[in-house]
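The values are calculated or read from the model by the stated rules, or taken from the named source; none is laboratory data. Keep in mind that what you see is a predicted model, and the values were worked out from it rather than measured. Neighbour counts are summed over all protein chains in view; Cβ atoms, including those assigned to glycine, are modelled from backbone coordinates with ideal geometry.
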Amino acid sequence: MREHGIRVSLSDEIDAAAALPLVDLFDRSEVRTGLRIALKVPHEAWAMFDRLFDEYWGGAPEVPIPPASNPTERRGALQWRWDGTRVRLEAQSEQPSGGDVPGYSPEQLLRRKPFDRISEKELKNIERLLTRLARRLATRRSRRLVPTSSRGLVDLRRSFRSALGSHGEMLRLARRARALEEPRVVLLFDTSGSMDPHTRFHLAFAFALRRAIRRVEVFAFNTTLTRVSRDIAPGRILRSLEELAASVPDWSGGTRIGQCLAQFVSAYPHLVGRDTTVVIVSDGLDLGDTALLAGAMRALHERARRLIWLNPLLGDVRYEPTAAGMRAALPYVDHLAPGHDLESLERLARLMN
Amino acid sequence: MNEEIRALQAAMERDGYVAERSIATAVYLAKELSKPLLVEGDAGVGKTELAKVISRVLETELIRLQCYEGLDANTALYEWNYQRQLLRLRIAEREVHDPKALEELIFGREYLLERPLLRAITRSAGAPVLLIDELDRADDGFEAFLLEVLSDFQVTVPELGTIKAEHTPYVVLTSNRTREIGDALRRRCLYLYIEHPSLDKEVRILRGRVPGLDEHFARTIARFVQALRLRELRKLPGVAESIDWARALVRLHLDRLDEESVRVTLGCLLKDEQDLKETDEQVVAELLTRAAAN
C-alpha cells in the first residue's frame, strides 16, 4: 500500500492485526471492510485499496496496477545545470513530438525557463521582502479567546482565581481576546507557456510563503493540476526548481484553468476553509471550459476566507481583463492585482490592511 | 459473516437505522478494540444518527459535544460555577479564616459544572456514547487537546486533581471534511466513510422512517433523489433530505410525483438557491421520467 501512495503507519498495522481476529476470515468482503476500517484508508484511496486487496489475495480479475510514477524519469529531455551563478534548464536531446495541438506540444517544454535569469542571491533578497508580505496577506484573528493584558472580554476563571488572594474582592479583572491565528494559504500557479516570463516571481513568492507560514499548499497547473508543496521546501531552492519542472507535466504548455481548479475543488476540499487565503497566479488565458472555471471559482469563493488573483498582464496599462477565462472568474475574486513585480505585490498588501 | 456483526446490524435496523455491513463492522470493531470511531461522509448521510443509534442499541446515554469555531477546553470539559463560589466565599469569610480550608470549600465537586467531555468520563452508570460532532469545525488546537483526552480518558482539574474514567466511553467523531483532521487523531481512531445509500437501502430507510409510505411510492421517491444526486449540484441532498421530503409529501397527502408536487416541495431536497434555480421544469420533467421508469 505504501508503494502505491496510501499512507499506512505502524499503528495502523497494529490496528489491522487486532481487527482481523474479530472478523470472519472466511468472508472475503468482511475482511476487506475490516481492513479498510482498521487501516483508516481514506475514501479517495478506496479504489486503489480494492485493487491491491484483490491482487494480493487473488480471486478477482487481475487489473494491472500502474507502478507509482517516478517524476524525475519522465522528463528525461530536460536537464538543470548550475553554471556557477545561475540555474539553467537545457534540452538534453531531441524528443519526438507528441501531438499537434500547438499549445500542448512538447516543443514548448524545451524553451528556456525564466529562472535562468534569476541568481541565488537575488532570489534570497526577493524572498526576504516577500516573506513580510506573505505574512501580512494571510494573518487573521481567531475566534478562540486567549488571555490578554489589554482590552478584551472578562475572563471569569482567571479573575476569580486572582480574587481569592484578596478575600474574594475582584480588584482586577483578567481579560481574554481573540487570538492571532496562524494562517493557511493555498497558492495555485499557472505554468503555461504564456506565463513563462513571470514564473520566477511566482516561485519566489511560493518560497516566501513557505518561509513565512507553516501551513502552505502549493499547486502548479497548466493542462493538469500537480501538488508541489513538497518541492517548495524552504532551504532547498536549487533542488526544488529542478524537481518542480521535472514533476509538473506539460510545463510551459497550454492551460485549462477551469478544469484544473475544478479538480482542485473536488480533490482537496479539506485544504480550503474559513482560515484559508487562496492565491491564484494566472493570466486567465484559458483553453478550456469557462463555465467550469466559473463554477470552481464560486466554490472557492464560498469556502475560502479570501480569494486573490494575481494577473501579471494587469501590469500593462493597456490590458483589460477581457480574456474569456478572466471574465468568468472575475465576479468571485476578492482582490485582482497585477503581481508582475515586487512593487505591485506590496501595493496589494497595503490594500488589504 | 461474523455472527455478532450480523446481530448488531439487525439490532440497528430494528432501531430504524439501515446499516450496510461496513457500518456494522466498523461499530463492532470500535467497540471490541475500544477505539474511537471517526466517521466521515457528505452532509446528511447519517453520521450523527449513527451515534444516536449506537447509544440506543447499547442502551446507554448519548453525550453530545457539538464543535464550532472557537470551542475551547473550558466549554468542552468543565467550568466553575463562579457565582455560587463567590456567594459561598462571602458567607464563609465570617467563620472560616484559614485560607486553605476556604479554598477546599469553594473548589469542591458541587461547584464544578460538568461539560460533555467530563460528563462522559465521570458517568458511573456504565459507558456512555460520546458523540463529538462536526470536529472539522473546531480549531486544530482543540483537536490536540482532544487527542490527550481520548488517549487516556482522564482529565486533570488543577484544583481537584486527576479524574479518571470509570468506564471508557464509546466515542464517535464526525467530520464533514471542511478541514482535514490531523493525522495524529486520525491514527488513534478507526475510520468509517459513509457513502450516499444505494437505491434499495434508501427505500428501506424511507419505509422505516416515514410512516404511511407504501413501497411503490418510496421507491419512486428514492429513484428521483438518486437521479438528482447524479446531477452537478453544489449541495447534494442526503438521506436526511429525502426523509424530510417523503414526510412532506405524505403530510400533504400527495401519493404520486408530478411536476406540481415536486415544484412545491423541492425546497426539502435542495437547500441552495443556485441548485434550485438550475433544477428547472425541464430538469424536473427529466428526473420524473427516470423516477417513473421500470
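If you check every pair at least six apart or on different chains, which have Cβ atoms under 8 Å apart with a residue in segment B:81-100 that is touching a residue at least 24 places away in the same chain (Cβ under 8 Å) first and a residue that is in a helix (DSSP H, G or I) and among the hydroxyl-bearing types (Ser, Thr, Tyr) second?
Qualifying pairs under 8 Å: B:ASN81/B:TYR111; B:ARG84/B:TYR111; B:GLN85/B:TYR111.
Can you give me the number of residues within segment B:205-217 that are part of a loop (DSSP other than H, G, I, E, B) and not hydrophobic (A, V, I, L, M, F, W, C)?
Residues of segment B:205-217 that are part of a loop (DSSP other than H, G, I, E, B), as a first pass: B:210-214.
Keeping just the survivors that are not hydrophobic (A, V, I, L, M, F, W, C) gives B:211-212, B:214.
Going through segment B:205-217 one residue at a time, the tally reaches 3.
Which residue is nearest to the other protein chains (Cβ to nearest Cβ), if the candidates are limited to segment B:13-28 and must be within 20 Å of B:CYS189 (Cβ to Cβ) and not in a helix (DSSP H, G or I)? I'd like the intermediate steps shown before the answer.
Within segment B:13-28, the first condition is being within 20 Å of B:CYS189 (Cβ to Cβ), and the residues that meet it are B:19-28.
Going one step further and asking which of them are not in a helix (DSSP H, G or I), we end up with B:19-20.
On the way: B:ALA19: 12, B:GLU20: 9 Å.
Residue satisfying both the conditions and the ranking: B:GLU20.
Residues A:ALA246, A:ALA177, A:ALA220: which one is over 20 Å from A:ILE280 (Cα atoms), modelled with pLDDT of 75 or more and either in a strand (DSSP E or B) or in the same structural domain as A:ARG303 (by TED's automatic domain parsing) (or both)?
On the way: A:ALA246 fails: modelled with pLDDT of 75 or more; A:ALA220 fails: over 20 Å from A:ILE280 (Cα atoms).
Matching residue, one of A:ALA246, A:ALA177, A:ALA220: A:ALA177.
How many residues are surrounded by 15 or more Cβ atoms within 10 Å (Cβ to Cβ), out of contact with any strand residue (DSSP E or B) (no Cβ under 7 Å at 6 or more places or on another chain) and either of a type in the set (Asp, Glu) or assigned to a strand (DSSP E or B) (or both) when one looks only at segment B:169-202?
Within segment B:169-202, residues that are surrounded by 15 or more Cβ atoms within 10 Å (Cβ to Cβ), out of contact with any strand residue (DSSP E or B) (no Cβ under 7 Å at 6 or more places or on another chain) and either of a type in the set (Asp, Glu) or assigned to a strand (DSSP E or B) (or both) number 2.
Which of the helices (runs of 4 or more DSSP H) found entirely inside segment A:1-102 contain at least 2 residues meeting this: at pLDDT 75 or above?
Numbers: elements: A:10-19, A:28-38, A:46-56, A:71-74.
By residue number, A:10-19, A:28-38, A:46-56.
Scan segment B:147-168 for residues that are among the aliphatic types (A, V, I, L, M) and either surrounded by fewer than 12 Cβ atoms within 10 Å (Cβ to Cβ) or over 21 Å from B:GLY182 (Cβ atoms) (or both) and jot them down.
Step one: list which residues in segment B:147-168 are among the aliphatic types (A, V, I, L, M), which gives B:147, B:149-150, B:155, B:157, B:160, B:163, B:165.
Correct list: B:VAL157, B:LEU160, B:ILE163, B:ALA165.
Identify, please: which residue in segment B:32-53 is in contact with a Leu (Cβ under 6 Å, 6 or more places away or on another chain) and farther than 22 Å from B:GLY208 by Cβ and is, among those, nearest to the other protein chains (Cβ to nearest Cβ)?
B:GLU32
Take residues that are more than 19 Å from the chain's Cα centre (by Cα), in the same structural domain as B:LEU37 (by TED's automatic domain parsing) and modelled with pLDDT under 85 and tell me which of the helices (runs of 4 or more DSSP H) falling wholly in segment B:70-158 contain 1 or more.
Details: elements: B:73-76, B:82-95, B:99-106, B:116-122, B:140-152.
It comes to B:73-76, B:140-152.
Have a look at B:LEU65, B:LEU71 and point out the one that is at the interface with chain A (Cβ under 9 Å from one of its Cβ atoms) and surrounded by 14 or more Cβ atoms within 10 Å (Cβ to Cβ).
That would be B:LEU71, the only listed residue that is at the interface with chain A (Cβ under 9 Å from one of its Cβ atoms) and surrounded by 14 or more Cβ atoms within 10 Å (Cβ to Cβ).
Checking the structure you have, find out if any residue of segment B:218-239 is in a strand (DSSP E or B), within 14 Å of another protein chain (Cβ to nearest Cβ) and surrounded by 15 or more Cβ atoms within 10 Å (Cβ to Cβ). Full working, then the answer.
First pass over segment B:218-239, keeping only residues in a strand (DSSP E or B): none.
No, that holds for no residue.
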